[in-house]
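The values are calculated or read from the model by the stated rules, or taken from the named source; none is laboratory data. Given the structure is predicted, the values throughout are model-derived calculations rather than measurements. Here Cβ is always computed from backbone atoms with ideal geometry, including for glycine, and neighbour counts include all displayed protein chains. The protein model used for the area step is the full one, side chains on, heavy atoms only, and it has no ligands, DNA or RNA in it. Shrake-Rupley method; radii C 1.70, N 1.55, O 1.52, S 1.80 Å.
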Amino acid sequence: MTIVSDIEPAPLEDSVSEWLALNSDSRLDRWDVYARLREEAPIFDYGDQTFLSRHKDCVNILRDHKTYLSGFDPEGERVMAVMASLDPEKQRKYREVLDHQLRWLTSSNAEKHVALRSLATRVFSMRAIENMRERIQREVDERLDELEPRDSIEIISEFAYQLPLTIISEMLDIPIEVRESIHKSWQSMTQLIGNPPERVPEVIDTVHAGMAELESRLQHTFDTRRGQQTTDLLARLLDAENDESGIITDKDIMGIVAQMVIAGHQTTQDTIGNALLELFGDRDQWRAICEEPELIPNAVEEVLRLRSPGQMVNRISRTDTVIGEREIPAGTRLTCLLASANRDAAVFDDPDRFDIRRENARQHLAFSSGVHFCLGASLSRMELQIFLETFSRRFPDADLADSHVEWLPNNFLLGLKELHVRFR
Ligand code: HEM
């Protein structure tokens, strides 16, 4: 018997507002909002922003970097509205934080992006990543050896962020004593990214302090490393500062390194939690990876598809253009909902189901697509695969120690605040 509900769903506009407001008492599920967007309004205008929720539209935009620029407009309507709500001191801080974000590789375009990306790809080569395989395995083994005598742990704070942060920091020669402070700085900065703009006045002091700490720690590291023996990777990045072309400046190097250490640990940390949550929630699939570890690489892709740690990316149309049947004027702020695209039934059968054997799981957009495709995709895949292979081999009876889970209050990121895991 089909039960037909006579409760009308809220207008889509209201559901989108509620989702973006991040009210802690809201019971709205972001996946329901994405599903409605895909179904009812795949190109949805909301204020000064247009959301794209279907796989095909997101791919078309991400692969056309000539029409769609990456990043954000620091003079745009939204930034200006926030600026107007701040006192002069907070305005200064907000401007400095935006300047910092504009120096990330993701925010650069055209020639500048080509120059920075080719430098980053040269130093962050497949060989450099492959050279880390044994080191990642050793780090996972040692951390788990330390934690194993305990019955249970909170895996996000006791394991998940340390693994990727240690690895990227070693690759970039960032000293141990600085790493914790980088992690804390980033925690403060997430209050800006993925939070409603109305919160800027309340959080900007903390965000700015986090950013200033991050930059000063990194700057100090660069200054002490210059002229010393350092890792090949950092030395080559520092050598590229102010090269003859004049395209790459020391601020750009700061932006690339900051993005690597930050993006290099938050997203991988989140995926460790998301993977265990999904696998413990379906014991058959957990047992399958314990018995057939060759399933693990695809299981990692499926977790990234179903629970994408970076939920969205932004683009701005450079010229008047058309998406599907819709005309898009130049200067439109477009948000590609990667996490929604990854649940588009036009590409993935039964898209809300977690299936580690899904044949086309790798078609997900969790690492984006086109020229800004994630620079660290191979590294994070390697970390995640080694972690899952080691953890499932050592602890086949592991499970959640506490079934209550809470997600970080953030629209941009998808990660758990805590995940209590028992080893046996
Ligand atoms: C599960 C792990 C990860 C996920 C899901 C992820 C996701 C993403 C996404 C969605 C983008 C594209 C942004 C856009 O199109 O605007 C991106 C870019 C980037 N990621 Fe990752 N990332 C991960 C791990 C890493 C790691 C380990 C590093 C360390 C090097 C890293 C460094 C970068 C950099 C430098 C970019 C900018 C690339 C460019 O603009 O050319 N990411 N990442």
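Yes or no, residue by residue, for (1) farther than 30 Å from Leu119 by Cβ; (2) away from the ligand (no atom under 11 Å from the Cβ):
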position	(1), (2)
Glu301	no, no
Ile316	no, yes
Glu327	yes, yes
Leu338	no, no
Asp344	yes, yes
Arg357	yes, yes
Leu365	no, no
His372	no, no
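Collect the residues in region 21-62 that are free of Cβ contacts under 8 Å to residues at least 12 places away in the same chain and in contact with a helix residue (DSSP H, G or I) (Cβ under 6 Å, 6 or more places away or on another chain), keeping them in residue-number order.
Listed by number, the list holds a single entry, Ser26.
Consider Asp350 against the criteria (1) part of a loop (DSSP other than H, G, I, E, B); (2) within 12 Å of the ligand (Cβ to nearest atom); (3) open to solvent by 20 Å² or more (accessible area, probe 1.4 Å): it satisfies all of them except one. Which criterion is unmet?
(2) is the only condition that Asp350 fails.
Identify, please: which residue in region 318-343 is of a type in the set (A, V, I, L, M) and within 16 Å of Asp45 (Cβ to Cβ) and is, among those, surrounded by the fewest Cβ atoms within 10 Å (Cβ to Cβ)?
Val322
Evaluate region 261-279: report whether one residue or more is away from the ligand (no atom under 15 Å from the Cβ), in contact with a Phe, Trp or Tyr (Cβ under 7 Å, 6 or more places away or on another chain) and farther than 26 Å from Phe124 by Cβ.
yes
Could you give me the residue pairs with C-beta distances under 8 Å whose first residue belongs to region 370-393 and is on the phi < 0 side of the Ramachandran plot and without any contact (Cβ under 8 Å) to a residue 40 or more places away in the chain, whose second residue is in a loop (DSSP other than H, G, I, E, B) and within 9 Å of the ligand (Cβ to nearest atom) wherever it lies, and which are 6+ apart or on separate chains?
Phe373/Phe367; Ala377/Phe367
When you check Asp223 against the structure, is it more than 20 Å from the chain's Cα centre (by Cα), open to solvent by 30 Å² or more (accessible area, probe 1.4 Å) and within 16 Å of the ligand (Cβ to nearest atom), yes or no?
Taking the combined requirement at face value, the residue does not satisfy it.
Going through Ala258, Ala235 one at a time, which residue ends up being out of contact with any Phe, Trp or Tyr (no Cβ under 6 Å at 6 or more places or on another chain) and crowded, with 20+ Cβ neighbours inside 10 Å? Give the derivation first.
Details: Ala235 fails: crowded, with 20+ Cβ neighbours inside 10 Å.
So the residue among Ala258, Ala235 that is out of contact with any Phe, Trp or Tyr (no Cβ under 6 Å at 6 or more places or on another chain) and crowded, with 20+ Cβ neighbours inside 10 Å is Ala258.
Being under 22 Å from Leu105 (Cβ atoms) and in contact with a helix residue (DSSP H, G or I) (Cβ under 7 Å, 6 or more places away or on another chain) is the filter; apply it to region 125-154 and report the residue that is surrounded by the most Cβ atoms within 10 Å (Cβ to Cβ).
The extreme case among them is Ile129.
Give me the pairs: first residue in region 293-310 and within 18 Å of Phe395 (Cα to Cα), second residue open to solvent by less than 10 Å² (accessible area, probe 1.4 Å) and among the basic types (Lys, Arg), beta-carbon distance under 8 Å, and six or more apart or on different chains, which are they?
none
Counting just the residues of region 383-409 that are at pLDDT 95 or above and polar (S, T, N, Q), which one comes out most open to solvent (accessible area, probe 1.4 Å)?
If we take residues in region 383-409 being at pLDDT 95 or above and polar (S, T, N, Q), then Gln385 is most open to solvent (accessible area, probe 1.4 Å).
Kindly evaluate Glu278 against the criterion of being under 21 Å from His420 (Cα atoms) and in contact (Cβ under 8 Å) with a residue 40 or more places away in the chain.
Yes: the conditions hold for Glu278.
Checking the condition more than 11 Å from the ligand (Cβ to nearest atom), small (Gly, Ala, Ser) and outside any loop (DSSP other than H, G, I, E, B), which residue from Ser392, Ser378 passes?
None of the other options fit; the residue is Ser392.
Mind listing whichever residues of region 367-382 are crowded, with 19+ Cβ neighbours inside 10 Å and over 24 Å from Ile136 (Cβ atoms)?
Those that are crowded, with 19+ Cβ neighbours inside 10 Å and over 24 Å from Ile136 (Cβ atoms): Ser369, His372.
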